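Undergrad: For reference, the structure I am asking about is given below.
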Amino acid sequence: MILSQNITMKFCLMINASNQWHDSIQRALSLAQCMVKNGHVINTVFFYGQASQVIQSKTMVEQWLKWQKNTQTKLQLCSTLIEERGLKSIASSTSGFEVVSLGSWIQAVEDADRVVELS
């Protein structure tokens, strides 16, 4: 007899998008919603590479913040990439997203059971 067991896990998501960053971020949000719906916890979503441009899209910011409101998940932007792309002023005025160093990402990874990198 096989017993079904629900196993809840804590995840970190890293969105490391390429040139199709808009599509990658949308797919990442769909995955995050599905994971939470199935009982898992996401402690952090780290926007890295081209994904750091998420803050330039009002629609995407609104979608992520709506999801964050229900999950209390940290939404983090890579500080180096924000500075390189000249997005520091936009990032500082976008509530709900935190500009962090890779050290914060490493801490989130240590606090998770699994890490999922999406590109």
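Undergrad: If you take the beta carbon distance between Asn70 and Asn19 as r and set R0 to 41 Å, what does 1/(1 + (r/R0)^6) give as a FRET efficiency, to the nearest 0.05?
TA: That gives a FRET efficiency of 0.85.
Undergrad: Over the residues of the chain, compute the C-alpha Rg and express it relative to 2.2 N^0.38 Å.
TA: Ratio of Rg to 2.2 N^0.38 Å for the chain: 1.08.
Undergrad: If you plug each phi of segment 111-118 into the Karplus form 6.51 cos²θ - 1.76 cosθ + 1.60 with θ = phi - 60°, what whole-Hz ³J(HN,Hα) values come out, in order, with x for Gly and Pro?
TA: Whole-Hz 3J(HN,Hα) from phi for segment 111-118: 8, 10, 7, 9, 10, 10, 9, 10.
Undergrad: Could you list which residues have their amide H under 5 Å from that of Val99, counting only those 5 or more apart in sequence or on another chain, with H placed in the peptide plane?
TA: Leu77
Undergrad: Per the helix-only calculation at 222 nm, which mean residue ellipticity applies to the chain, given -39500 (n - 2.57) for every DSSP H run of n ≥ 4 and division by its residues, nearest 500 deg cm²/dmol?
TA: Details: 5 runs with 51 residues, N = 119.
So the helix-based figure for the chain works out to -12500 deg cm²/dmol.
Undergrad: Taking the Cα centre of segment 42-118 as origin, work out the dipole magnitude from +1 charges on Lys and Arg Cβ and -1 charges on Asp and Glu Cβ, in debye rounded to 20.
TA: For this selection, approximately 320 debye.
Undergrad: In addition: In whole Hz and in residue order, list the ³J(HN,Hα) couplings for segment 52-66 that follow from phi through the Karplus curve 6.51 cos²θ - 1.76 cosθ + 1.60, θ = phi - 60°; x for Gly and Pro.
TA: Couplings: 5, 6, 3, 5, 8, 10, 4, 4, 5, 4, 4, 5, 5, 5, 4 Hz.
Undergrad: Also, I was wondering about something else. Can you work out the PRE-style zone for Glu84? Point 7 Å along Cα to Cβ, and I want the residues of segment 90-119 with backbone N under 13 Å.
TA: The answer is 102, whose backbone nitrogens lie closer than 13 Å to the label point.
Undergrad: Residues with amide H under 5 Å of Leu118's amide H, sequence separation 5 or more or different chain, H placed in the peptide plane at 1.01 Å from N; which?
TA: Correct list: Met14, Ile15, Asn16.
Undergrad: What residue among Gln53, Gln33, Gln107 shows peak mean-square fluctuation when the chain is described by a Gaussian network model with Cα springs under 10 Å?
TA: Gln107
Undergrad: Run the numbers on segment 1-75 and let me know its relative contact order in percent, using alpha-carbon pairs under 8 Å that are six or more apart.
TA: Details: 84 pairs, mean separation 27.2, N = 75.
Relative contact order here is 36 percent.
We did not get these values from a lab; they are worked out from the coordinates using the rules stated. Here the structure is a predicted model, which means the values were calculated and not measured. Cβ coordinates were reconstructed from backbone atoms using ideal geometry, including for glycine residues, and neighbour counts include every protein chain displayed.
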